[in-house]
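Remarks on the structure that follows.
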Amino acid sequence: MMFEFRVQAVCPETGARAGELVTPHGIIETPVFMPVGTRATVKAMSPREMEEIEAQIVLSNTYHLYLRPGVELIEKAGGLHRFMNWHRPILTDSGGFQVFSLSGINRIKEDGVEFSSHLDGSRHFMTPELATRVQEGLGSDIAMCFDQCVELPCDEETARKSVERTLRWARRCKEVHRRDDQALFGIVQGALFDDLRKDCARELIAMDFPGYSIGGLSVGESHDEMYRILDLLNPILPQEKPRYLMGVGFPTNLVEGVARGVDMFDCVLPTRNGRNGTLLTSRGKFNIKHSRFEEDWGPIDPDCDCYACREFSKAYIRHLYRSGEMLGARLCSWHNLRYLISLMKGAREAILEGRFPQFRDRFHELFSTGKV
Ligand SMILES: CN(C)CCSCc1cc(N)cc2c(=O)[nH]c(N)nc12
Ligand SMILES: [Zn+2]
């Protein structure tokens, strides 16, 4: 069996799940945090270091790799796993989000999206078929349908049109998808409109995808709005298939997403924040450049087992950061990634041992103290 998802335990109080996602490049234990490696690298981290922090799967992106170096070159290298020397699972996003957010002048047509490359302004035309073909060429284990994510706030008519287009494009992706060693996920859109979200989910379920992504969130809505949409979709999406909440996120959103039946998460937060000195810890977040850390000889997080926390003081990392030394950004990213990976590992263990509600309460109690 190339692709299989097994739910191993469900928290009776919340519905949080612990599971195993079997892929051609290995088994992923869920809930899982997936580091983002948009351009075939998780910034500042080598594959060996990613294995050390127990990263199970990394993300990459169709839009970026299509523009540079091009899928043809990566196919000549033997696919993305060989090209980047990462032999665990890879998930690729379809580029739907980037075409609308990153590229220059884009023109949506029924067939696809015309856009200008953010690199050199060259004109391109991305279609559901091309996005699917590129992901098959990259050889990721999990691929995404080409979708349209609308910016918030948006009116219901705009959201409805994006749902209808996303569904038509999902059918076209499924139509041309051939690789049986790659799972294609449908992406639920619908902005913050309950009926649109339910209709979109039901139509995608009828197409019978092996997994479902929840798109169109973490785009500026409040936490409560995000949680309302998750509460709405949780009972509708098939219990026996994985749910992936795209672009999330902040530690509290991860724990609350797990409590609402989400299995997979991705976010650029740990590496992006790491590069600007913002650290995520069990006791809240802080920025290392603050003067209060000048003579702080303790670790970033006393509860963390990562290399940065075991071997270096906050005073030293603050010095590196203020001096603009690359090691500063590396150690901060290293810690933030390990923190989120460990947080999901802890949630999984708590679900398996029947103590997730206590885990969730303890997390909020400690994280919100901000006692760093
Ligand atoms: C910054 N990137 C690494 C992550 C952004 S791309 C992932 C991503 C994030 C969010 N928030 C929503 C969506 C969405 O609705 N559709 C797609 N295809 N991707 C999405
Ligand atoms: Zn650490």
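Only a single item in (1) surrounded by fewer than 24 Cβ atoms within 10 Å (Cβ to Cβ); (2) in contact with an Asp or Glu (Cβ under 7 Å, 6 or more places away or on another chain); (3) under 26 Å from A77 (Cα atoms) is not met by M144, and it is number (1).
Of the helices (runs of 4 or more DSSP H) lying entirely inside region 1-77, those carrying at least 2 residues that are charged (D, E, K, R) are 47-52, 71-76. Among the residues making up region 30-68, those that are open to solvent by 60 Å² or more (accessible area, probe 1.4 Å) and either among the small types (G, A, S) or without any contact (Cβ under 8 Å) to a residue 60 or more places away in the chain (or both) are R39, T41, R48, E51, R68. Just one of the numbered conditions (1) assigned to a loop (DSSP other than H, G, I, E, B); (2) open to solvent by less than 10 Å² (accessible area, probe 1.4 Å) is not true of E110: (2). Looking at R318, R338, R348, R330, just one residue is among the basic types (K, R) and within 21 Å of G261 (Cα to Cα), and that residue is R348. Of the helices (runs of 4 or more DSSP H) lying entirely inside region 276-360, those carrying at least 3 residues that are basic (K, R) and either more than 30 Å from T14 (Cα to Cα) or within 16 Å of ligand 1 (Cβ to nearest atom) (or both) are 314-322.
Among the residues making up region 193-208, those that are surrounded by fewer than 20 Cβ atoms within 10 Å (Cβ to Cβ) and either small (G, A, S) or in a loop (DSSP other than H, G, I, E, B) (or both) are F193, A206, M207, D208. Screening S222 against (1) of a type outside the set (D, E, K, R); (2) touching a residue at least 24 places away in the same chain (Cβ under 8 Å); (3) within 16 Å of ligand 1 (Cβ to nearest atom) leaves a single unmet condition, (2). Each residue in region 286-317 was checked for being touching a residue at least 40 places away in the same chain (Cβ under 8 Å) and open to solvent by 20 Å² or more (accessible area, probe 1.4 Å), and 1 pass.
Residue pairs whose Cβ atoms lie under 9 Å apart, sitting 6 or more positions apart in sequence or on different chains, and linking a residue in region 88-102 that is surrounded by 24 or more Cβ atoms within 10 Å (Cβ to Cβ) and modelled with pLDDT under 90 to a partner that is β-branched (V, I, T) and assigned to a helix (DSSP H, G or I), are G96/T62; G96/T166. The single condition from (1) part of a loop (DSSP other than H, G, I, E, B); (2) within 16 Å of ligand 1 (Cβ to nearest atom); (3) out of contact with any Gly (no Cβ under 9 Å at 6 or more places or on another chain); (4) open to solvent by 10 Å² or more (accessible area, probe 1.4 Å) that I236 fails is (2). Considering the conditions (1) part of a helix (DSSP H, G or I); (2) within 16 Å of ligand 1 (Cβ to nearest atom); (3) crowded, with 20+ Cβ neighbours inside 10 Å, N273 is excluded by exactly one of them, (3).
For region 214-223, the tally of residues that are closer than 25 Å to M2 by Cβ and either within 16 Å of ligand 2 (Cβ to nearest atom) or touching a Leu at 6+ places or on another chain (Cβ under 8 Å) (or both) stands at 1.
Taken over region 318-365, the residue count meeting the criterion of being within 29 Å of M45 (Cα to Cα), open to solvent by 30 Å² or more (accessible area, probe 1.4 Å) and charged (D, E, K, R) is 5.
The values are calculated or read from the model by the stated rules, or taken from the named source; none is laboratory data. Worth saying up front: this structure is predicted, and the values here are computed from it rather than measured. When we count neighbours, we look across all protein chains shown, and the Cβ atoms used for this are built from the backbone with ideal geometry, even at glycine. Surface accessibility is based on the protein's heavy atoms, side chains included, excluding ligands, DNA and RNA. Shrake-Rupley method; radii C 1.70, N 1.55, O 1.52, S 1.80 Å.
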